[in-house]
Every structure is written in C-alpha cells, then in structure tokens.
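Laboratory data are not the source of any read-out in this text; all were calculated from the coordinates shown. On a predicted model such as this, the values are computed, not experimentally measured, just so you know. Here the Cβ positions follow ideal geometry from the backbone for every residue, glycine too, while neighbour counts run over all protein chains shown.
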Amino acid sequence: MNPLDPDALAELEREQAFLLRSLDDLDAEREAADLDDHDYAELSDDYTRRLAEVTRALEENRSAYAELDTKLNRGQRVLTIAGIVIVAVLAGVLLGRASGFRSPNDSLSGDIRQSSTGLLSEADVLTREGRWEEAIGVYDEVLDLSPANAEALTYRGWLTNRLGEGDGLGDLDEAVAVAPDYPDARVFRAIVLDDQQRFSEAAADLAVFDTLDPPAEIVGIVEGSNLRASIAAGQLVQRFGAAPGEIDLDEINAPLDDVVGAGAILLEVGDTTLALRVFDAVLGEDPDNIQALVATGNLQTQPEIIAVSEATGQIGLSRLDAAVELVPGDPQVRLVRSRARADLSDPDGARSDLVMIERDSLPEALQPLYDELAGRLG
C-alpha cells in the first residue's frame with residue numbers, strides 16, 4: 001500500500017474503528033451466551049492480530065502523510081471509479097466489516113473454521129492480502145453451507161467482477177434478492193452497473209441505499225469512489241450528450257452537488273462542451289455555486305475562446321468576479337481570475353489578484369501557473 005495515499009489512510013482508520021467495535025461485540029456476545037469460549041478465543045485472537053497490523057500501518061502512513069501538503073483542487077480530486085474502488089479493496093475497506101454481517105441461518109457453534117462466520121473472517125483476511133482467487137474459493141465454501149448468505153454472495157460477485165472472470169451480477173442480484181436492505185450489495189451492484197453504463201439502474205440501487213442505515217465504511221466507499229457523480233455524468237451523457245439546447249436537471253434526479261461532480265468528471269475526460277452546459281444548468285438552479293462559477297469562468301476565459309469571442313471571455317470573467325466576491329480569501333479562485341485578467345489584457349487587475357496569493361498556499365500542481373503569471377506580469 002502506498003504510504004502517501006490519503007484515501008488508504010482514511011480506510012485504515014475506518015478498519016481500525018471496526019475492529020475495536022468487533023472486540024467489544026465479542027465480549028457482549030460471550031456474556032449473552034451467544035459465543036462459546038473456544039470461538040471467542042479464536043475470533044478475539046484474529047481481531048487482535050488484525051488490529052495490531054492496522055494500527056502499525058496507520059502510524060507509518062500518518063508519519064509519511066504529515067510531511068505533504070495535501071490540499072487538492074477540485075480537478076485533482078476527480079478519480080475514475082475503477083481506480084479508487086480497487087485501491088479501497090486492497091486497503092481492506094470493502095471487506096473491513098465482513099465478520100459483522102451474519103445471515104439469520106449462521107451460527108458460531110462448532111468448528112470455527114467450518115462455521116460461516118469463521119469462513120467469512122478467513123475470506124476477509126485473504127481479500128486484504130490480495131489473494132482474491134483464494135477468497136472466492138472460501139466464499140464458495142460459505143455458500144455450500146449457507147446458499148442464501150448475502151455477504152458471501154455480495155463479495156464473491158464483487159471479487160469475480162474485479163478479477164475480470166465475469167461481471168459478478170448474478171451473485172449481486174441474488175444478494176439483493178435475499179437481503180434487499182444489505183447496503184454492501186446495493187453499493188457494489190451500483191458500481192458494476194455504472195461500469196456497464198447502466199446508469200439508471202445504478203441510480204436506483206443508490207436510491208434504495210439512501211433509505212438504509214449503512215455503516216461508515218460503506219458510506220466511505222460511495223463517497224471515496226465518486227460514485228454518485230459518475231452515475232450522474234453517465235445519465236447526462238446518455239440523455240443530453242447528443243441533444244442540443246438547455247439541460248433539464250429534473251430529468252437526471254440527482255442532487256445538485258452530484259451534478260457539479262458530474263460536470264467535473266466530464267471536464268476530466270475532455271467533454272468540455274457538455275460540461276459547460278451542465279455547469280450552466282447548475283447556475284440556473286444555484287447562481288452562487290462556487291464550483292460552477294469557477295469552472296465556467298475558467299473555460300470561457302481560455303485564450304482560444306477569447307480569440308474567437310472576447311464577449312464570451314467577459315462573461316467568464318464576470319463569473320470569476322462573482323466567485324471571488326463569494327470567497328475573497330480563496331487563493332485558487334484568485335489565481336484563476338488572475339490568469340483570466342492577464343489573458344483579457346488587464347495586467348493591473350491580474351497583479352492585484354496575484355499579490356493576494358501566498359504561493360505556498362497553493363497546491364503544488366498550481367504553483368507553476370503562479371510562477372508563469374509572476375513572470376508575465378513582472
């Protein structure tokens with residue numbers, strides 16, 4: 001695991017919290033006579049070992065991470081679904097609470113290795129170690145014992161999909177059928193459907209997910225993978241990508257923040273025209289949306305746009321003006337407007353923005369732009 005990956009650090013923190021809760025739950029189960037001494041010892045040893053590993057990894061990650069400036073701009077935070085979710089799997093977050101979900105037919109009695117709970121714990125370890133094919137084999141064993149085990153169906157389907165050995169939807173569909181309120185199945189099926197560009201179906205799974213009470217680590221997957229914005233971006237492309245005219249956001253049925261995130265994804269993949277239309281639609285709903293103001297202002301003041309239509313450049317500048325008025329102390333917004341003013345032949349205005357910016361307050365990726373402007377403006 002990359003010790004400088006902030007997402008991995010967050011997921012390790014979630015796994016640590018899960019393991020601490022699990023140890024407390026074991027004590028409660030033994031006191032309630034739901035767990036015998038043998039099974040308690042086995043599970044307690046496993047959780048304690050994993051907790052030590054996670055705590056050690058956290059200490060190493062925090063030491064390395066503390067040395068970096070981690071402030072990222074919006075564009076730098078936009079990641080593809082596949083990349084970030086695979087990282088999350090490798091970090092253990094996808095199976096971080098595997099032992100915490102039991103179907104009604106599961107039991108902790110008998111040989112711990114042969115019980116569904118013991119097997120699920122083993123599969124969790126294998127998955128975190130990257131031994132996905134072996135983990136799938138253990139999930140097969142769980143399903144031999146308990147064919148309707150929603151957790152085993154969910155994670156066997158998910159790992160099968162990630163390994164490219166099938167889309168995994170058969171298992172995920174069955175998991176949803178036997179446990180429609182199991183949030184993991186809803187999220188992973190939504191990710192697979194999003195990968196397959198079945199965006200309306202993916203959105204439907206998230207709509208159900210939002211009615212549940214999911215644990216923090218599963219919410220973290222949705223947020224960390226940018227799944228909502230990815231689905232919204234897909235819906236926008238399918239509905240409006242080839243259709244000219246204004247975008248009716250009511251046809252997307254997504255919160256405005258997700259639409260803004262979708263616009264950022266469209267920019268990231270180079271669909272600038274549709275991204276601009278999306279941000280215009282956002283501003284129609286929320287004229288003070290900072291991200292939409294900056295994104296459209298930045299696009300409309302690019303030199304190639306100004307060369308064709310200076311009037312468009314002035315419209316973009318007015319949006320950057322509005323953004324600066326809303327967040328006058330934001331150095332990144334000031335930097336964008338400084339660049340726009342310089343390209344619109346307003347060097348004095350560009351300098352007035354640049355002197356308000358501390359270079360070291362900018363993300364490293366934006367510091368070359370600061371340097372370029374400082375050189376241009378003298």
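Taking every Cα-Cα distance in region 215-298 and sorting them into 10 Å bins starting at zero, the pair-distance distribution P(r) comes out as 19, 52, 24, 5, 0 percent. The fraction of Cα-Cα pairs per 5 angstrom bin, counted from 0 for region 287-378, comes to 3, 16, 27, 25, 21, 7, 1 percent, rounded to whole percents. For region 332-375, the average shadow cast by the Cα convex hull is 2.6 nm², which is a quarter of the hull's surface. Directionally averaged projected area (region 231-277, Cα convex hull): 2.8 nm².
Stretching the chain fully between Leu163 and Asp257 yields a gain of 30.6 nm (0.36 nm per residue, less the alpha carbon separation). In this structure, Glu29 and Asp144 have a Cβ-Cβ separation that, at R0 = 22 Å, corresponds to a calculated FRET efficiency of about 0.30. At an R0 of 51 angstrom, the distance between the Cβ atoms of Glu133 and Leu326 translates into a FRET efficiency of 0.50. If you wrap region 280-331 in the convex hull of its Cα atoms and look at it from every side, the mean projected area works out to 3.5 nm².
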